[in-house]
1. Say a site is exposed when it is one of the trypsin sites (Lys or Arg not before Pro), sits in a DSSP loop, and has at most 15 other Cβ atoms within 10 Å; what is then the longest site-free stretch of the chain?
2. When the chain is treated as a GNM, springs tying every alpha-carbon pair under 10 Å, which of 177, 219, 279 comes out with the largest mean-square fluctuation?
3. Using the Cα gyration tensor of the stretch 62-143, with a ≥ b ≥ c the square roots of its eigenvalues, what is the shape: rounded (a/c below 1.5), prolate (a/b larger than b/c) or oblate (neither)?
4. May I ask you to compute the full-extension gain from residue 94 to residue 232, defined as 0.36 nm times their residue separation minus their alpha-carbon distance, rounded to one decimal in nm?
5. What angle do you read, to the nearest 10 degrees and between 0 and 90, between the alpha-carbon axis of helix 155-168 and the longest principal axis of the chain?
6. What translational diffusion coefficient, in µm²/s and rounded to a whole number, does the Stokes-Einstein relation yield for the chain at 20 °C and a viscosity of 1.002 mPa s, taking the hydrodynamic radius as the Kirkwood radius over Cα pairs?
7. Using 18 Å as the cut-off for backbone N distance, which residues of the stretch 273-289 belong to the label zone defined by a point 7 Å from the Cα of residue 258 along Cα→Cβ?
8. Net charge near residue 104, counting Lys/Arg +1 and Asp/Glu -1 over other residues with Cβ under 14 Å of its Cβ?
Amino acid sequence: MFMGRPFGVPVFVSPSWFLVAVLVTVMFEGQVNDVLDRPMSYIVAFAYAVLLYASVFVHELSHAVTARVLGLPVRSVTLHILGGETSIEREAPTPGREFLIAFAGPLVNLVLAGLGLFLHAVLTLPEVALLLLEALTFANLLVGVFNLLPGLPLDGGRLVRAAVWKATGHSRSGALVAGWIGRGVAIACLVAGAFLATYRTDGDTGGFGWLALLWSALVASFIWVGATQAIRAERVRDRIPLLSARSLARRATLVTADVPLAEAIRRAHEDHAGALVIVDHDGRPRGLVSEKA
């Protein structure tokens, strides 16, 4: 769902966000209900879900704006079930720019968390407003710290990549190190989620139980897949210099647009060609026949 273009960056919200909004509303409503009767408690809980993703949105928008300031084109920002994603059309050309783009998001969340702590200390607020402020402060602190974990595809992994890149002079080395650390972070998240679920259930602290385990597994799989893709991408790049255009090229048969398809295919078979190119009567290429069609 398209939401607008703040600072010229297209912003989309995935349908999966609504699932998370419902889940957060149901989970947070229990706390709100202690200070506010239903149905108002559900409205306030949903407002928290919206504000929570507003924090995620500000995080991603910080990446996007920083990238644009540094001269990198940004394709879009998308909010989804696991938070958000900023799509930048090409990689940063230097480790310094990579570091600044990656650090912008967590920095904003930590600043918002600090602002929340400051407001909590200096303001006297109604119970509902205080509950929202405390929840948002914790959420921004959690988002900021979590994204600083040192493994791809998290922002902390990009910081590691930038540091190793700067130290070695090779972006590939940084990506491989951050990718392998990211796999370790994924395993740690899964173990931590399992421990949290078991502890809260056995300790009877109101626990998340299976929900905590499911969520940690989802986050761990996201990190593992992202880290694995980063490692594979670097391995593919290693092979690209070994390729040549000649080895990838196929012989083509040239035909004009008025040649029947059957005749064009016959000529291609006769020439042992793998492609049909449409040319004008002067021999200039005008199109390529879709073999699948």
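The values are calculated or read from the model by the stated rules, or taken from the named source; none is laboratory data. Model, not experiment: these values are computed from the prediction. Neighbour counts are summed over all protein chains in view; Cβ atoms, including those assigned to glycine, are modelled from backbone coordinates with ideal geometry. For the accessible areas, the whole protein counts, side chains as well, though only heavy atoms, and no ligand, DNA or RNA atoms are used. Shrake-Rupley method; radii C 1.70, N 1.55, O 1.52, S 1.80 Å.
1. Numbers: sites that count: 90, 250, 251, 292.
Longest stretch, sites excluded: 91-249.
2. 279
3. Taking the square roots of the gyration eigenvalues as a ≥ b ≥ c, the stretch 62-143 is prolate.
4. The residue 94-residue 232 span can extend by a further 47.6 nm.
5. It is inclined by approximately 60 degrees.
6. Working: Rh = 22.9 Å.
Rounded to a whole number, D works out at 94 µm²/s.
7. It comes to 278-287, nothing else.
8. Surrounding charge for residue 104 is 0.
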